[in-house]
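A.B. asks: Pasting in a structure now, in structure tokens, and then I'll have a few things to ask.
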Amino acid sequence: MRKALRWLMALTVCIGTVSTAGAATAAEPTATTTKATTDIKDQLLAIPGMSLIEEKPYPGYRFFVLNYTQPIDHRHPSKGTFQQRITVLHKDVSRPTVFYTGGYNVSTTPSRREPTQIVDGNQVSMEYRFFTPSRPDPADWSKLDIWQAAGDQHRIFKALKKIYSRNWVSTGGSKGGMTATYYERFYPRDMDGVVAYVAPNDVVNNEDSAYDRFFTKVGTKECRDRLDAVQREALVRRGPLEKKYAAYAAGNGYTFSTIGSLDRAYEAVVLDYVWGFWQYNLLANCGDDTLIPPDAKTATDDQIWNSIDTISGFSFYTDQGLEPYTPYYYQAGTQLGAPTIHFPYIEKKYVRYGYQPPRNFVPRDIAMKFQPNAMRDVDSWVRHNAHHMLFVYGSNDPWGAERFGVGKGSKDAYVFTAPGMNHGANVAGLAADQKALATARILDWAGVPAATAAQAKPLARFDRKLDVRDAERDPALRP
């Protein structure tokens with residue numbers, strides 16, 4: 001997955017009681033009183049294992065970048081710890097809290113996810129274990145799995161719940177949506193609701209025909225043909241364009257040891273092209289001649305190069321591009337799975353490697369073994385046990401081809417699709433009736449129910465800096 005929430009609840013403070021004789025008597029301090037009189041930074045830093053990296057100002061909020069001491073192995077907490085980076089966007093302890101993870105690094109710039117805007121609450125964001133700097137040293141990669149990561153979230157929640165005692169809703173997009181789902185599977189009593197955006201669900205790693213079917217129907221035939229032609233032409237012109245790639249790599253100091261060769265990297269970038277377009281673009285972008293050459297055969301080498309580079313990114317499969325995302329590809333090759341698609345419009349002689357497996361994107365000194373039951377377990381649990389869960393997908397997002405579903409045994413759980421949207425699909429992009437229902441359920445789960453579903457709307461005003469985001473900019477096209 002590259003280039004994957006109206007009122008203010010009253011704070012009850014006991015200020016005194018009156019005895020039967022009418023004399024005013026000071027009340028004993030309560031937990032709520034303490035929280036109301038103690039600065040939020042002091043409350044956060046009073047948590048064992050919590051330390052401050054920095055506080056950044058933002059109007060109407062306090063924003064903290066923090067480190068939290070976590071066990072490397074939640075099964076054996078005595079066997080070492082590491083510092084995990086988290087952020088807290090503090091609104092008020094009387095408001096709900098949204099627990100967000102993108103599944104990768106955490107941003108240290110104040111931002112607000114859609115559920116946080118909807119409930120007008122606090123937001124806690126977690127950096128996923130093993131993404132630097134939240135990586136044990138030395139790194140025991142066997143401790144990077146979905147259960148250990150869920151354990152990280154559980155400990156953070158338990159620590160912060162003492163301060164933020166109102167309802168909690170977890171959320172995330174793409175790999176973050178997957179993360180929120182896995183957390184719910186292992187700790188179903190922690191959260192009051194889950195909002196998972198564009199979360200892939202590769203249940204059977206070796207069966208990916210749903211993706212092939214998606215690419216024969218998405219958008220319009222005219223757009224599909226135009227994209228296919230550019231992708232094919234980039235392989236037809238492999239010779240001259242690889243010379244350009246070699247010069248580009250040399251000029252930027254890029255190397256190709258992990259993937260094995262410039263030729264493998266070149267093909268990987270080109271084969272990402274069509275997927276990348278639909279993940280990050282709308283159908284209307286297909287008519288942009290500066291983005292997609294209208295006639296691939298007569299386009300110049302520079303036009304083909306620029307189109308592929310803009311959408312796929314020639315720097316990504318270099319050692320320098322892959323290194324920050326080693327934890328992701330490790331998980332893709334051990335638990336999450338990775339889709340494989342085919343290219344029937346490209347003659348076999350032009351495709352040398354096809355979609356390469358995650359093993360090719362992880363240094364060989366890191367051992368990997370795939371666990372086929374991991375995703376099957378989560379998928380089955382969601383279908384039979386989902387409670388207060390909302391999954392949102394985009395109709396034009398390739399990742400929605402294999403998605404989570406809710407079935408018999410689930411309760412107050414939904415799977416909605418935003419028409420025409422890509423990997424940035426959200427509640428705001430749903431059809432009106434689904435948007436109202438989704439918003440009402442999120443508010444209800446957060447403990448601030450709307451009067452009726454039709455009246456449900458975000459409690460906080462849109463903030464241009466906090467709320468504007470593109471499609472989920474996950475680093476790798478394939479989880």
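A.B. asks: Beta carbons within 10 angstrom, averaged per residue: use that to sort the peptides 290-300, 46-56, highest first.
C.D. replies: Per-residue mean Cβ counts within 10 Å order the peptides as 290-300, 46-56.
A.B. asks: Something else about it: For region 152-277, which semi-axes, largest first and in whole Å, follow from the square roots of 5 times the eigenvalues of its Cα gyration tensor? Present the calculation step by step, with values, prior to reporting the outcome.
C.D. replies: Numbers: eigenvalues 342, 94, 32 Å².
Values for region 152-277, descending: 41, 22, 13 Å.
A.B. asks: Solvent-accessible area per residue for the chain at a 1.4 Å probe radius, Å²?
C.D. replies: I get 42 Å² per residue for this part.
A.B. asks: If you count, for each residue, the other Cβ atoms within 10 Å and average over each peptide, how do 119-130, 85-96 line up from highest to lowest?
C.D. replies: Ranked by mean Cβ neighbours within 10 Å, highest first: 119-130, 85-96.
A.B. asks: Related question: Local charge sum around PRO59 (other residues, Cβ-Cβ under 15 Å, Lys/Arg +1, Asp/Glu -1)?
C.D. replies: Net local charge, PRO59 excluded: +2.
A.B. asks: Order these peptides, 233-241, 145-153, 69-77, 97-105, by their mean beta-carbon neighbour count within 10 angstrom, highest first.
C.D. replies: Ranking the peptides 233-241, 145-153, 69-77, 97-105 by packing returns 97-105, 145-153, 233-241, 69-77.
A.B. asks: For region 355-477, divide the Cα radius of gyration by the Kirkwood radius and give the resulting Rg/Rh value with two decimals.
C.D. replies: We get a ratio of 1.05 for region 355-477.
A.B. asks: Looking at region 426-469, which trypsin sites (Lys or Arg not before Pro) are DSSP coil and have at most 13 other C-beta atoms within 10 Å of their C-beta?
C.D. replies: Values: sites: LYS435, ARG441, ARG461, ARG464, LYS465, ARG469; in loops: ARG461, ARG469.
Filter output for region 426-469: ARG461.
A.B. asks: To continue, here is another question. Calculate the tail of P(r) for region 50-94: the fraction of all Cα-Cα distances greater than 11 Å, expressed in %. Please report the intermediate quantities before stating the final value.
C.D. replies: Values: 677 of 990 pairs.
Counting every Cα pair in region 50-94, those more than 11 Å apart make up 68 percent.
A.B. asks: Further, regarding this structure: Which of rounded, prolate or oblate describes region 328-394 when judged by the alpha-carbon gyration tensor and an a/c cut-off of 1.5?
C.D. replies: Oblate, since a/c reaches 1.5 and b/c is not below a/b.
A.B. asks: Thinking of region 91-234 as a set of Cα atoms, what percent of all their pairs are more than 28 Å apart?
C.D. replies: The answer is 34 percent, as a whole percent.
A.B. asks: What fraction of the Cα pairs in region 400-459, stated in percent, has a spacing above 18 angstrom? Numbers along the way, then the final one.
C.D. replies: Details: 738 of 1770 pairs.
Of all Cα-Cα pairs in region 400-459, 42 percent lie more than 18 Å apart.
A.B. asks: Using amide H atoms built in the peptide plane, which far-off residues or other-chain residues are under 5 Å from ALA418 H to H?
C.D. replies: Amide H to amide H, under 5 Å and 5 or more residues apart or across chains, ALA418 pairs with TYR393, GLY394, SER395.
A.B. asks: A further question follows. Determine how many Å³ per residue the convex hull of the Cα atoms of region 358-398 encloses.
C.D. replies: Considering the Cα atoms of region 358-398, their hull volume per residue is 128 Å³.
A.B. asks: For a bin width of 5 Å, list the pair-distance distribution of region 49-139 built from all Cα-Cα distances, rounded to whole %.
C.D. replies: 3, 15, 22, 23, 17, 11, 7, 3, 0
A.B. asks: Gap in Å between the Cα centre of region 306-339 and the Cα centre of region 367-420?
C.D. replies: 23
A.B. asks: Express as a percent, rounded to the nearest 5, the fraction of DSSP beta bridges in the chain (both residues included) that run antiparallel.
C.D. replies: 50
A.B. asks: Can you tell me the Rg and Dmax of the chain, counting just the alpha carbons, in angstroms?
C.D. replies: 24.2, 96
The values are calculated or read from the model by the stated rules, or taken from the named source; none is laboratory data. Here the structure is a predicted model, which means the values were calculated and not measured. Here Cβ is always computed from backbone atoms with ideal geometry, including for glycine, and neighbour counts include all displayed protein chains. Ligands, DNA and RNA are stripped out before the accessible areas are found, and what is left, the full protein with its side chains, is counted by its heavy atoms. Shrake-Rupley method; radii C 1.70, N 1.55, O 1.52, S 1.80 Å.
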